[in-house]
Amino acid sequence: MSMKSSKHMDQAKTKRRRNCSIRVKNAMGQLQEQILKWRTREYKRISSTYNLGTVKGHFSVLVLSNGETQKFLVALRYLSHPPFIKLLEAAEQEFGFDQKGALVIPCEASELKRILS
C-alpha cells in the first residue's frame, strides 16, 4: 500500500468518525429537547390540576418526587433566600416564565424541605 493511499484512508476514517460524532450530538440534542418538552407538558398538567389555595404571605410550589406530586406553601420571605433563588433559576431554565397556576420546581421534595427548614 502506498503512502498516499494510507493517508487517504486515514483521512476517510477521520471524516467518518467526525460525521458519526456529529450525528450522535444531533441525536442527543433532539432527545434532550423531547425530554424537556415532555417534562414541561407534564409539569403544566400537574400544576393545572391542583387546588391552588394559599395562605396570606405564602405561595404554592409543586415538586414531583418519586412519581408523586407534592404541594408546598412557601413563605414570601424565601424569595430572597439564596438556595431557594437557585431553585427558581432552575425552574426558569427548565420551564421558562410562562408557568400558570402553582410554581413547579424541578427538585426532589426532600431537597425543598431541607431548604425551607
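Here are some residues: LEU73, LEU88, LEU79. Which one is within 19 Å of PRO106 (Cα to Cα) and either at pLDDT below 80 or touching a His at 6+ places or on another chain (Cβ under 6 Å) (or both)?
From the options LEU73, LEU88, LEU79, the qualifying one is LEU73.
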So SER60 fits all but one of (1) more than 26 Å from GLN32 (Cβ to Cβ); (2) of a type in the set (S, T, N, Q); (3) not in a strand (DSSP E or B); what number is the exception? (3)
Test: ASN66 is loosely packed, with under 10 Cβ neighbours inside 10 Å and modelled with pLDDT under 85: yes
Hey, can you tell me all the residues within the stretch 55-74 that are in contact (Cβ under 8 Å) with a residue 40 or more places away in the chain, small (Gly, Ala, Ser) and out of contact with any helix residue (DSSP H, G or I) (no Cβ under 6 Å at 6 or more places or on another chain)? SER60
Mind listing whichever residues of the stretch 70-88 are within 14 Å of LYS113 (Cα to Cα) and either in contact with a Phe, Trp or Tyr (Cβ under 8 Å, 6 or more places away or on another chain) or not aliphatic (A, V, I, L, M) (or both)? GLN70, LYS71, PHE72, LEU73, VAL74, TYR78, HIS81, PRO83, PHE84
Output the residue which, of all residues in the stretch 74-100 that are crowded, with 16+ Cβ neighbours inside 10 Å and not hydrophobic (A, V, I, L, M, F, W, C), is nearest to the chain's Cα centre (by Cα). GLN99
Test ARG45 against the criterion of being in a helix (DSSP H, G or I), under 14 Å from the mean Cα position of the chain (by Cα) and modelled with pLDDT under 75, and give yes or no. no
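The values are calculated or read from the model by the stated rules, or taken from the named source; none is laboratory data. Since we're looking at a predicted model, the values are computed, not measured. Using ideal geometry, Cβ is built from the backbone for each residue, glycine included, and neighbour counts are taken over all protein chains shown.
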